[in-house]
Amino acid sequence: MKSWLLAVMVSLFAISVQAQTTIVELIPPKVNLQTNGLQIPVVVRGNNLNKVKKAEAWYEGQPDSYIFAQLGTPSANRVSVTLIARPDSPIGSLHQLRFLLEDGSILNVPLPLRIVANGDPDATQPDTAAKLEQNVEKSGQRKVIESNKAPIVTATVPKPLYVVPNGQVQTLTFKGLNLDQVVSVRIRKADTPPRYRNKEGELPFRHVKDGLEVDVVSTPDTPIGTKYCIDLLLEGNYLAGTLTFPIQNPPSPGR
């Protein structure tokens, strides 16, 4: 990690659009995708899903060339995504799925998506989603997956966020919902993609009541206006969201 940011303790949050478009259930809750060309449907349930315009797979912070994701016709509370893996997809790799919303923002889909060998007994089948959905409907109960609780920040201090380049520790405070699920925090420049190796960019953090805190130090030689991103990860290195803040001087009193 570079000297321009020495120590950070950070919050788990969701992009603001997630407060409007949310995911509350995935059927099936995880997908083990074979490299045999089978089309594997996934049902996504939530709120305001009619704002979803595209589904796309990502791998190591880049658009995924191994998995094809086809979005079905969305309704307000339900949308389907069909997944197909290329025959040369690397076995065992963990991929991610995300939605592009009508306003151009991104909603990450918390679906564990792994490539398995053909014939793997744990492989997801084309009728898996249909059978699971039918069983849930028959029982009259819906199960909300624990990992699908969208992390949402409802308040920050300061607001809006910024860091002063004075070489002193500054504490950023985040309050909200479902902020206790963070397991790893990473820092990067805003123009750098979220790709990390080993412990690169890993930051210390602590939980507080109803949220998390961030202790940030920016050196005096950091240019005013430089922007940085804090990436927040759930178990399995799932990227839950990204928070961007600038380096700037404090606002004038009364502003």
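Just so you know, all these numbers are worked out from the coordinates, no wet-lab data involved. Bear in mind that the values here come from a model prediction, so they are computed numbers and not experimental data. No Cβ is skipped: glycine too gets one built from the backbone with ideal geometry, and neighbour counts run over all protein chains shown.
With a sphere of radius 12 Å drawn around the Cβ of A155, what net charge do the other residues whose Cβ falls strictly inside it have (Lys, Arg +1; Asp, Glu -1)?
+1
Counting only residues 5 or more places away or on other chains, whose amide H sits under 5 Å from the amide H of R78 once H atoms are built in the peptide plane?
Counting only residues 5 or more places away or on other chains, the set is G46, L49.
Under the 0.36 nm per residue contour assumption, what length would be gained going from the current alpha-carbon distance of K30 and K159 to full extension?
That pair, K30 and K159, stretches by 42.8 nm at full extension.
May I ask for the net charge around P41, where only other residues with Cβ less than 10 Å from the Cβ of P41 are counted and Lys, Arg are +1 while Asp, Glu are -1?
Charge balance in the 10 Å sphere: -2.
Where does each of 59-65, 124-130 land if you order them by average Cβ count within 10 Å, highest first?
Most protected by this proxy first, the peptides run 124-130, 59-65.
What are the ³J(HN,Hα) couplings of segment 31-43, residue after residue, when phi is run through the Karplus curve with 6.51, -1.76, 1.60 and θ = phi - 60°? Round to Hz, x for glycine and proline.
Along segment 31-43, the couplings run 10, 10, 9, 7, 9, 10, x, 5, 8, 10, x, 10, 9 Hz.
With Rg and the Kirkwood Rh both taken from Cα atoms, where does Rg over Rh land for segment 57-100?
Using only Cα positions, Rg/Rh for segment 57-100 is 1.02.
By per-residue mean of other Cβ atoms within 10 Å, what is the highest-first order of 155-161, 73-79?
Highest to lowest by the protection proxy: 73-79, 155-161.
Which order do the peptides 213-220, 83-90 take when ranked by the mean count of other beta-carbon atoms within 10 Å per residue, highest first?
Final packing ranking: 213-220, 83-90.
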